[in-house]
Amino acid sequence: DWTMEAVVETQVEQIRERVGDRHVICALSGGVDSAVAAALVSRAIGDQLHCVLVDHGLMRQGEVEQVERDFVAATGADLRVIDASETFLGHLRGVTDPEQKRKIIGREFIRVFEQAERDVLAEVAESGRTVGFLVQGTLYPDVVESGGGEGAANIKSHHNVGGLPEDLAFELIEPLRALFKDEVRKVGIELGLPEELVWRQPFPGPGLALRIIGEITPERLEILRAADAIVRDELTQAGLDRQIWQCPVVLLGDVRSVGVQGDGRTYGHPVVLRPVTSEDAMTADWARLPYDVLARISNRITNEVREINRVTLDITSKPPGTIEWE
Ligand code: XMP
């Protein structure tokens, strides 16, 4: 794709010039945007880039491992994964309000990330260099929806924009700021990232915390991870990954309903499937998934995830419903 090739070339050149011999830190979220932004910067400045992935314990099944493996294989970048799940889950105990969840996760993220930053700073200082920049995978729609654009209202406090410490001594590098998601994916492919990573569905920074309605507990996370993995697997099998923008799976943690599974009455949790089509997440329509795919998903979830006895489908467009339930 010649357009994206040009984007890469221009960005690489600009980043090199701006950064010089200084070093750069990047927070990887496990998502496409930060991975592509980091890969782009890595292409420009190689081992002057230091990536940090804060594992908040709210990622999907296999996600951290995939980034550790595939991202590093494709870019050769320096990546440190920090397992902070116990800290995050501890602070989230008993919390049910969505904005409160976001605040806590944002705050803890900053704390953990700043520690990682200090570690990188110390290492770099040993070689007589300084760290001058922070990479962010901000896209054009993020800029608009977080109120950075003209006349846009702040709908949810997305923490990948403006959520980082304000007293940062670093300048921001935001190489994707003018791009939409489909363009970011093309840039990712251009940079040699694997399709699996590039075509991964958008996933919110606060992760599964926004997809458990009610309190977040390790048990609920495990249930949701299992259901989510089945949904992603079936959508991939059905070749639907590129038609669907996202399919959040939402666990109604505080709702129970009666079911009959095996030869007994159960009193389990419902999950909601939220498949949507969209161009940029600002508006969305519910995806008309084929009935046989829905049937397979429903059968597999209720057979394989003991605690779930009901699978429901969200058929609301955005607006009025947002994509995530929280
Ligand atoms: P909503 O739910 O507002 O989501 O329709 C629009 C897009 O943004 C993602 N999203 C988030 N991303 N931090 C993020 O980094 C957040 O707090 C957050 N909330 C929603 C959502 O997955 C969708 O792609």
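Filtering the stretch 258-282 to residues that are more than 16 Å from the ligand (Cβ to nearest atom) and surrounded by 13 or more Cβ atoms within 10 Å (Cβ to Cβ) leaves Gly259, Gln261, Thr266, Gly268, His269, Pro270, Val271.
None of Thr302, Thr312, Thr266 is among the hydroxyl-bearing types (Ser, Thr, Tyr) and outside any strand (DSSP E or B) except Thr302.
Here Gln243 clears all of (1) in a loop (DSSP other than H, G, I, E, B); (2) buried (at least 18 other Cβ atoms within 10 Å of the Cβ); (3) not charged (D, E, K, R) except the condition numbered (2). All told, Asp21 falls short of being in the same structural domain as Glu123 (by TED's automatic domain parsing), surrounded by fewer than 20 Cβ atoms within 10 Å (Cβ to Cβ) and without any contact (Cβ under 8 Å) to a residue 60 or more places away in the chain. Contact map, the stretch 229-257: first residue within 16 Å of the ligand (Cβ to nearest atom), second residue of a type in the set (Asp, Glu), Cβ cut-off under 7 Å, separation 6 or more or different chains; pairs are Leu235/Asp241; Pro248/Glu324; Val249/Asp228.
Do you know which residues across the stretch 187-232 are closer than 16 Å to Gly31 by Cβ and among the charged types (D, E, K, R)? Correct list: Glu195, Glu196, Arg200, Arg211, Asp228, Arg232.
Give the residue that is farthest from the ligand (Cβ to nearest atom), with candidates limited to residues of the stretch 164-178 that are closer than 30 Å to Leu240 by Cα and surrounded by 22 or more Cβ atoms within 10 Å (Cβ to Cβ). The residue in question is Pro175. Which one of the conditions (1) at positive phi; (2) at pLDDT below 90 does Arg200 fail to meet, given that it meets all the rest? Every listed condition holds for Arg200 apart from (1). Taking Gln66 as the residue in question, decide whether it is among the polar types (S, T, N, Q) and surrounded by fewer than 19 Cβ atoms within 10 Å (Cβ to Cβ). So Gln66 fits the description; yes. Can you pull out the residues in the stretch 276-299 that are among the charged types (D, E, K, R), in a loop (DSSP other than H, G, I, E, B) and out of contact with any helix residue (DSSP H, G or I) (no Cβ under 9 Å at 6 or more places or on another chain)? Answer for the stretch 276-299, where residues must be among the charged types (D, E, K, R), in a loop (DSSP other than H, G, I, E, B) and out of contact with any helix residue (DSSP H, G or I) (no Cβ under 9 Å at 6 or more places or on another chain): just Arg288. Checking each residue in the stretch 184-239 for being among the hydrophobic types (A, V, I, L, M, F, W, C), touching a Leu at 6+ places or on another chain (Cβ under 7 Å) and not in a helix (DSSP H, G or I) picks out Leu191, Ile212, Ile213, Ile216. Of the residues Leu40, Leu49, the single one that is modelled with pLDDT of 95 or more, touching a Ser or Thr at 6+ places or on another chain (Cβ under 7 Å), farther than 28 Å from Arg225 by Cα and buried (at least 18 other Cβ atoms within 10 Å of the Cβ) is Leu49.
The values are calculated or read from the model by the stated rules, or taken from the named source; none is laboratory data. Keep in mind that this is a model prediction, so the values were computed, not measured. Note: ideal-geometry Cβ built from the backbone for every residue, glycine included; neighbour counts use all protein chains shown.
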